[in-house]
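Participant: Could you have a look at this structure, given as structure tokens, before my questions?
The values are calculated or read from the model by the stated rules, or taken from the named source; none is laboratory data. Note that the coordinates shown come from a computational prediction; the quantities given were computed from them, not determined experimentally. Glycine also receives a Cβ, built like all others from the backbone with ideal geometry; neighbour counts cover every protein chain displayed. When the accessible area is computed, the model is the full protein with side chains, heavy atoms only, and any ligands, DNA or RNA have been set aside. Shrake-Rupley method; radii C 1.70, N 1.55, O 1.52, S 1.80 Å.
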Amino acid sequence: MGIPVKLTVFEGPLDLLLHLIEKNKVNIYDIPIVEITDQYMDYIHQMEREDLNIMSEFMVMAATLISIKCKMLLPKEVDEEGEEKDPREELVRQLLEYKMYKYMSYELRDKMAEAAKSIYKLPSLPKEVEDYKEPIDPQELLAGMTLAKLHKIFEDVLRRQENKKDPIRSKFGKIEQEEVSLPEKMSDVELYARTHKQFSFRELLGKQASKFQVVVTFLAILELMKTGKIRIYQEHIFDDIQIASLV
């Protein structure tokens, strides 16, 4: 009895075989090869007027089915381990592999259909929203630093400034130079921080030429911390305090 189907329904001989197996509701591991072959051949006869290139693929499978059908009628072959060889084994493997890829294609098709329902757009936030930054937390900037530690370093630097004095030359008269203001020193420290990115707190104070410079530099550091332009931290206890630029 012929099968009233069209060639365009199937993508190839394996697709047709899978359709026949599902239509007859048979176990893919125990294919009734005689019945399936007869139905397959009925379908082949309906394809006589189709494209020969397409027809050739189905004819190769038809030859394979007939070969398996013949082997099923012969005495069973036995392998080296004494087990019977099933002539349908290779065909079953191909069908299972094809079925897996076919269902995977269905899954991808469904995902593509779902994705087609979504519309995406580029972000269009106002510039003031994009430029917004969280308020600076002074506690986070201090990173475990205490005023006692800063004060100790400050005193240590002042003591070193005293030790740098020449006991003889310090008694000479000198022309006083105009000292730098706090805003000027803040600008200098900020520029230094941007250039060096990370540097030692003690080293920066040690580079100052006088006590007044040390004091103003110390105050400038505190102001820059307050405005969130630098961060002070200490890797380990008793380590030198480090300053990092945040701009």
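Participant: Output the residues belonging to the range 193-217 that are farther than 15 Å from ARG160 by Cα and in contact with a helix residue (DSSP H, G or I) (Cβ under 7 Å, 6 or more places away or on another chain). Lay out the reasoning, then the answer.
Facilitator: Step one: list which residues in the range 193-217 are farther than 15 Å from ARG160 by Cα, which gives 193-200, 216-217.
Result: VAL216, THR217.
Participant: Would you confirm whether or not the range 61-81 contains a residue that is exposed (fewer than 11 other Cβ atoms within 10 Å of the Cβ) and under 17 Å from HIS19 (Cα atoms)?
Facilitator: So far as the range 61-81 goes, no, none of its residues is exposed (fewer than 11 other Cβ atoms within 10 Å of the Cβ) and under 17 Å from HIS19 (Cα atoms).
Participant: It is to be established whether one or more residues within the range 192-202 are at pLDDT 75 or above, of a type in the set (S, T, N, Q) and open to solvent by 100 Å² or more (accessible area, probe 1.4 Å).
Facilitator: Yes, the range 192-202 contains at least one residue that is at pLDDT 75 or above, of a type in the set (S, T, N, Q) and open to solvent by 100 Å² or more (accessible area, probe 1.4 Å).
Participant: Now, a different point. Being within 20 Å of ARG159 (Cα to Cα) and open to solvent by 10 Å² or more (accessible area, probe 1.4 Å), is that true of even one residue in the range 226-235?
Facilitator: Scanning the range 226-235 turns up no residue that is within 20 Å of ARG159 (Cα to Cα) and open to solvent by 10 Å² or more (accessible area, probe 1.4 Å).
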